[in-house]
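First the structure, in the form of structure tokens, and then the observations on it.
The values are calculated or read from the model by the stated rules, or taken from the named source; none is laboratory data. Please read these numbers as outputs of a predicted model, since none were measured by experiment. Neighbour counts are summed over all protein chains in view; Cβ atoms, including those assigned to glycine, are modelled from backbone coordinates with ideal geometry. Areas reflect the complete protein model, heavy atoms only, side chains present, ligands, DNA and RNA absent. Shrake-Rupley method; radii C 1.70, N 1.55, O 1.52, S 1.80 Å.
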Amino acid sequence: MSQPASSQSRNLAARMGRWSAQHRKIAIFGWLAFCIVAFAAGTLVGTTSLTAAKSGVRESGRMDRLLDKDFKSPAGERVIVQSKTLTAADPAFQAVLADVTKRLQAHSTVTNFETPAQDEGLISNDGHSALIDFEMTGDPDTAKDRVQPILDTTKAAQAAHPDFLIEEFGAASADKQLGKVFTDDLKKAGELSLPITLGILLLAFGALVAAGIPLLLGLTAVIATMGLLAFPSKVLPMDDSIGAVVLLIGLAVGVDYTMFYLKREREERAAGRSEEAALQAAAATSGRSVLISGITVMIAMAGMFLTGDPTFKGFGAATILVVAVAVLGSLTVLPATLAWLGDRVEKVHLPVVGRFRTRQGEGRFWSAILGPVLRYPVPAIVLSAGLLVGLCVIALQLKTVVPGADTYPQTLPAVKTFNKMQKAFPGGQNPAGVVIKAPNVRTPQMKEAIGQLSWRALASGVMMHPILTDVNKAGTVAVISIPFAGSGTDATSNSALRILRQDLLPNTIGLVSGVEDYGVTGDTAGSKDFNNQMSSRIPWVFGFVIGFAFLLLLITFRSIVIPIKAIVLNLLSVGAAYGVLVLVFQHGIGKGLLNFSYTGGVAAFIPMFLFVILFGLSMDYHVFILSRVRESYDSGSSTQEAIAHGVKVTAGVVTSAAIVMVFVFSIFGTLQILFLKQFGVGLAAAILIDATIVRAVLLPATMKLLGDWNWYLPSWLEWLPRLERQKMPEAPAVLTL
């Protein structure tokens, strides 16, 4: 029998849940139609990818876009010919160089050769190594798909001259190998994440049907989002890794929201309510929490728009979209599905899975933990906060870098060849690119300035041979490649960049009249510019995310203490995660287990990306727990009783949801690409810390210590709107055996 209208909750989540339950066929088939149409439409329209030329920021990004518009450079490749005994001056060495060049010239897709005979800078200082440079015709973006025949030719030359080392490296050949590794990594993560998620959900619910519902909601949300992304990608092109990000976030929030909803519905049924009443209670309470959590997560993700970085903007749009779709599904198709299934949601029960909770749904394990925490809140706060603050102090050592060859799997043939070239020609494989735009870059004045730039660069001691100049067909853009000393992102390379930008260029190219624009791009410049961009935007991003989260929680809980405490605890979680990243990826703790060797720093995009994701996901747990605490408090319980009950009945759900995310994110720690390892380890560590130390210890301990001050709202804020909070009626008495 339906409840009287006067007793029915009027909050938005409750109304959506009630409508969906009453129109279950429309809700279920409407959701399926939405997912299918969204995916089909997106496939038809096509998602626009963000190219490397348009992903940069500041000076290096400006130069990349200039080159993409006026001088789209062909894909460059180079072959190294090396002998342990002979030098490039020996006839036998020259004969091998000639043979390799002849073989390569047989390809119609190869052009613009530079050989040691034309440029002595292509011979190493010791004379035992020489380079043959060439370019591939056609679109450089598709060169990796056409480079294999050229690689086969290089391999055949190696077989014909076994006494020499003959290997190839370049943009196309490296992209081909690295692209395959990246694709294989993401495929592995996707294949492993689904069965692991299902396994953990089976343990959490003890029934196959109940376990399958969160996974299905998460997957359908991801499928719909992947289609819908085609539309914002026309304005905000998407990075190639966007699929992995959408899968991770979609599964995380989809599983979270469904577990919150489903666990509450099962809890109300166990308390003796009818199927309809239990579902309405879940919609009015957990559904409301899902809506608030989803808005908070989307606000956090929106902070990425303030970075000014094209990659982050795409990530922001994608993550907001997948969270919005997951929330929509949680408030519509989920209650409709539960209304359709009723108690059949417990079908295909697994008898071997124990129900580790009391008759009131309170987890026994966390009940045992919470008792001492509430009895001794001060020691609990000192110990747990001390550990997290210690990790935050370690996080101050965090160093960010743009991933280079030394962060890629060192067993890859392309990386091995790169290292050999780098040893023989330091800095030559990732040179700085000086870009000059003028009406005519072939004038005598410009040639003189370029000559001055070249010899001054060599005289600096941190720049070296070979310095090569290339000019577009129109003669309006010149690119001068200048190798830097150092690894590309270390202090030596950054010093070379500073000298080039601040001294050499202004006093050479900058003195030529008519120059429209000039600047430096390349790995070193891109890394420096990205770090500077993030440093300047961090206050804006943090301020935006924290400010809006504060306002939302302030209105939701009508307390000024709750949002302040939530923000402090979330920042502790994020800071502790940064500390773990420093310990693992800079101090090398556990690098043997995780199978990596580079400890020079953390990928530059990781800290900002982790902050917005972790802040949002942490708020999921915080809102869910505090909603139950406040619900109990509003029902007449004391603050201490409300804390104990709220944390105990939610701890199992939060733990189960966190375990899913920890295991899924941990998969990324096993992948080959280093920045994916860092991403996975950072997320897994933060979620684990947040769901255990923060939510099960720090949160209840601080609430116990503050007592009724938790609900303090200054009188001058009484004008804030009052959001309806459902007050649950007493459940009918049930006989417990």
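Couple of notes before you dig in:
- Förster radius 41 Å - calculated FRET efficiency between LYS423 and ILE555, Cβ distance, rounded to 0.05: 0.10
- Seen against the Cα atoms of the chain and their longest principal axis, helix 208-228 is set at about 40 degrees.
- Remark: the range 563-577, residue by residue, has Karplus-estimated 3J(HN,Hα) of x, 4, 5, 4, 5, 4, 5, 5, 5, 4, 4, 5, x, 5, 5 Hz, where x stands for each Gly or Pro and the curve is 6.51 cos²θ - 1.76 cosθ + 1.60 at θ = phi - 60°.
- If R0 is taken as 30 Å, the Cβ-Cβ distance between GLU641 and GLU276 corresponds to a FRET efficiency of 0.55.
- Nearest-20 debye value, the range 414-473 charge dipole, Cβ charges on Lys, Arg, Asp, Glu: 160 debye
- Rounded accessible area per residue of the chain, 1.4 Å, Å²: 42 Å²
- Nearest 10 degrees, 0 to 90: helix 523-557 Cα axis against the chain principal axis: 10 degrees
- The separation of the range 61-97 from the range 526-604, counted between C-alpha centres, amounts to 41 Å.
- In this view, the solvent-accessible surface of ASP70, computed with a 1.4 Å probe and all protein chains in place, comes to about 50 Å².
- Lysines with Cα under 25 Å of LYS648, excluding same-chain neighbours fewer than 8 positions away: LYS263, LYS565, LYS704, LYS727
- Inter-centroid distance (Cα atoms) of the range 453-481 relative to the range 676-715, Å: 54 Å
- Qualifying chymotrypsin sites (Phe, Trp or Tyr not before Pro) in the range 258-339, DSSP loop, other Cβ atoms within 10 Å at most 10: none
- The range 241-274-the range 187-218 distance, computed between alpha-carbon centres (Å): 11 Å
- In degrees, nearest ten, helix 310-331 long axis to first principal axis of the chain (Cα): 20 degrees
- For the chain, the fraction of alpha-carbon pairs in successive 20 Å shells from zero, as %: 16, 43, 27, 13, 2
- Share of carbon and sulfur in the accessible heavy-atom surface of the chain [1.4 Å probe, %]: 63 percent
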